[in-house]
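What follows is a single structure, written as structure tokens, with notes after it.
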Amino acid sequence: MRVVIAMMKHETNTFSPVVTDWPRFQSWSGHLGDAALAAYDGTAMPFGAYLELARVAGAEIVTPLAAEAMPSGKVTRDAYDLMSDAILDAVRDGCDLVLLDLHGAMVAEHDHDGEGRLLEAIRQIAPDVPIGVTYDLHTNLSERMVDNCTALIGYKTYPHTDMYEVGKQIGQVMFDYMAGKCSPVTAWGQLPLMSQTLMQGTADEPMKTLITMARQAEQRPGVLAVTVFGGFPMADIPITGNSVVVVTDNDMALAEQVRDEILNTAWERRDEFIYRHRPLVDTVAEAKQLTDGPVILLDHADNVGSGGTSDVMTVIAEVLRQGLRDVAVAAVYDPQAVQEMQAAGIGATITLSLGGKTDMPSIGEVGEPLTVTGKVKVLNDGEWVCRGPMYTGVDVFMGDSAVFRVDGVDIVVTSRHHEPWDAGVFTSMGIQPEYKKYLLLKSRIHYRAGFAHLARHTLTLDGVGVTTSDNSILTFENVRRPIYPLDRINEV
């Protein structure tokens, strides 16, 4: 048996000004051929799970690509073609099975449905080859994605701590299919609902209930996989929105029944998927009154993990203005500032024009640096390994990085974008987060993987950025209409 195993992942924020070219993939994870195998062998990723299953089956393994970029703007055509061509060439060479580790929210310059385009192309080359796919919980699902694979599944956790488990689950379904032990059929449906990412945490309602329904359904005889997709709302494309997929062993009636039960429950609770804002000054003032820490402060509108620029200084400026002390910040993207700190050296007191280097035309914002005077505390290469429950075993490359201390606030400044989902973002920089009064994180929900267990309090700070949860700031021109909450809909 010859098995093609590949990873091609990107969560595209169509409002983001950050360019997603091949160098951006390389800066996080852009590996071809044997390098792809070496990078993800033994990791807790779907790619790693696929490798284990293929070896147990005694299969010949081909790994044409393992590529992922931090969320950002549309993927350039050149980058998309380079990655998809690598996978398609491997399929052309002949294979018995294809196992893909995809995201489900990739928008390319030439196609709003990057995953659907890839799967359709594979089917054109090899119409009968079995294809198994693992997707992110934030997938914007399309008919092309469903019709052009044999079976699919998505993560059931946000933060995504079950990537290995779901990869192994659908991978086993595919090997059972190859052995004639099952015959997967799929039912899926999409709601006219564009839920907000900040309200999709799987430990929170309403996702908690929906995920419980999915897990319970998977215990029923004949049900192979059930997935609740929250969708990714920062994509102005026709397929954006919540959906449900059910894979059964040749029982379409059962698949449709389970699908409808979950879809109906999600629609009944649609209003719980919408975030309510609060003035930034009030939330920071509340944080200042708290006496026990760590207190998690979320700068969620500038979350690079959803395509933010990670250099908006609005929230940090307010924290400094109100005089919060004993604060650790992760992370501000500013390669220029890092270079200036490197030139000054550890221990130097300097004045920086920090952050604010990136304009955000989609929301009418111009980058505004914050002038601060502080001390250079740490300088290093920004390389470390994820040891927490998310991306376990994966190497991290933040680029040359520094810690800049300003009035009791330690700011991690990086040369590459990185969302703080693992404590390594601090510990690699000499900061012990458990002893800080405040942890200011440019994150939404993924921070929970590395920091939720530390938090005595958690506050969302409504700042500025292209990952805002305020739909009134965004201009949607391509999303299918009507859709809730952009439109007030009473019935499905």
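The values are calculated or read from the model by the stated rules, or taken from the named source; none is laboratory data. Please read these numbers as outputs of a predicted model, since none were measured by experiment. Note that we place each Cβ from the backbone using ideal geometry, even for glycine, and neighbour counts take in every protein chain shown.
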Item to check | Subset of region 310-335 that is surrounded by 14 or more Cβ atoms within 10 Å (Cβ to Cβ) and polar (S, T, N, Q) - its residue that is nearest to residue 423 (Cα to Cα) | outcome: 310
Checklist entry - Can you spot a residue in region 279-290 that is in the same structural domain as residue 410 (by TED's automatic domain parsing), touching a Lys or Arg at 6+ places or on another chain (Cβ under 7 Å) and buried (at least 19 other Cβ atoms within 10 Å of the Cβ)? => result no
Item to check | Of all residues making up region 437-492, the number that are of a type outside the set (Lys, Arg) and either assigned by TED's automatic domain parsing to the domain that holds residue 234 or closer than 30 Å to residue 320 by Cβ (or both) | outcome: 33
Checklist entry - Can residue 358 be described as in contact with a Pro (Cβ under 9 Å, 6 or more places away or on another chain), in contact (Cβ under 8 Å) with a residue 24 or more places away in the chain and hydroxyl-bearing (Ser, Thr, Tyr)? => result yes
Next on the checklist: For the condition of a type in the set (A, V, I, L, M), closer than 25 Å to residue 363 by Cβ, assigned by TED's automatic domain parsing to the domain that holds residue 144 and modelled with pLDDT of 95 or more, what is the one hit in 98, 91, 19?
Outcome noted: 19
Next on the checklist: Name the single residue that is farthest from residue 405 (Cα to Cα) among those in region 350-390 being surrounded by 15 or more Cβ atoms within 10 Å (Cβ to Cβ) and charged (D, E, K, R).
Outcome noted: 365
Checklist entry - Pick from region 220-263 the residues that are among the polar types (S, T, N, Q) and touching a residue at least 12 places away in the same chain (Cβ under 8 Å): which of them is surrounded by the fewest Cβ atoms within 10 Å (Cβ to Cβ)? => result 250
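Can you tell me which residues in region 18-59 are of a type in the set (Lys, Arg) and more than 20 Å from residue 107 (Cβ to Cβ)?
Residues of region 18-59 of a type in the set (Lys, Arg): 24, 55.
Answer for region 18-59, where residues must be of a type in the set (Lys, Arg) and more than 20 Å from residue 107 (Cβ to Cβ): just 55.
Considering each residue of region 286-317, count those that are assigned to a helix (DSSP H, G or I) and either free of Cβ contacts under 8 Å to residues at least 60 places away in the same chain or of a type outside the set (A, V, I, L, M, F, W, C) (or both), and give that number. If you could, list the steps in order and put the result at the bottom.
First pass over region 286-317, keeping only residues assigned to a helix (DSSP H, G or I): 286-289, 300-302, 304-306, 314-317.
Cutting the leftovers down to either free of Cβ contacts under 8 Å to residues at least 60 places away in the same chain or of a type outside the set (A, V, I, L, M, F, W, C) (or both) gives us 286, 288-289, 300, 302, 305-306, 314, 317.
Qualifying residue count, region 286-317: 9.
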Checklist entry - Residues of region 8-64 being outside any helix (DSSP H, G or I) and of a type in the set (Val, Ile, Thr), which ones? => result 12, 14, 18, 19, 20, 43, 61, 62, 63
Next on the checklist: Condition (residue is part of a helix (DSSP H, G or I) and of a type in the set (D, E, K, R)) applied to region 449-461: is it met by at least one residue?
Outcome noted: no
Next on the checklist: List the residue pairs whose Cβ atoms are under 7 Å apart, where the first residue sits in region 154-169 and is of a type in the set (Val, Ile, Thr), the second is assigned to a loop (DSSP other than H, G, I, E, B), and the two are 6 or more positions apart or on different chains.
Outcome noted: 157/202; 161/389; 161/390; 166/155; 166/156
Checklist outcome for this item: The residue that is surrounded by the most Cβ atoms within 10 Å (Cβ to Cβ), considering only those in region 178-216 that are of a type in the set (D, E, K, R) and assigned to a loop (DSSP other than H, G, I, E, B), is 204
Checklist entry - Conditions: (1) at positive phi; (2) under 15 Å from the mean Cα position of the chain (by Cα); (3) not hydrophobic (A, V, I, L, M, F, W, C). Residue 12 meets all but one. Number of the miss? => result (1)
Checklist entry - Looking at (1) polar (S, T, N, Q); (2) within 26 Å of residue 318 (Cα to Cα); (3) in a loop (DSSP other than H, G, I, E, B), which is the only condition residue 351 fails? => result (3)
Next on the checklist: Cβ-Cβ under 8 Å, sequence separation 6+ or interchain: first residue in region 51-65 and among the charged types (D, E, K, R), partner modelled with pLDDT of 95 or more and surrounded by fewer than 21 Cβ atoms within 10 Å (Cβ to Cβ). Which pairs?
Outcome noted: 52/168; 55/61; 60/1; 60/2
Checklist entry - How about region 377-422: which strands (runs of 3 or more DSSP E) wholly inside it have at least 3 residues that are out of contact with any His (no Cβ under 9 Å at 6 or more places or on another chain), β-branched (Val, Ile, Thr) and not assigned by TED's automatic domain parsing to the domain that holds residue 162? => result 409-414
Item to check | Set 468, 475, 458, 414: member being under 26 Å from residue 16 (Cα atoms) and in contact with a strand residue (DSSP E or B) (Cβ under 8 Å, 6 or more places away or on another chain) | outcome: 414
Checklist entry - within 20 Å of residue 10 (Cβ to Cβ), crowded, with 21+ Cβ neighbours inside 10 Å and more than 17 Å from the chain's Cα centre (by Cα), is that true of residue 137? => result no
Checklist outcome for this item: The lone condition residue 257 fails out of (1) within 30 Å of residue 106 (Cβ to Cβ); (2) part of a helix (DSSP H, G or I); (3) of a type in the set (S, T, N, Q) is (1)
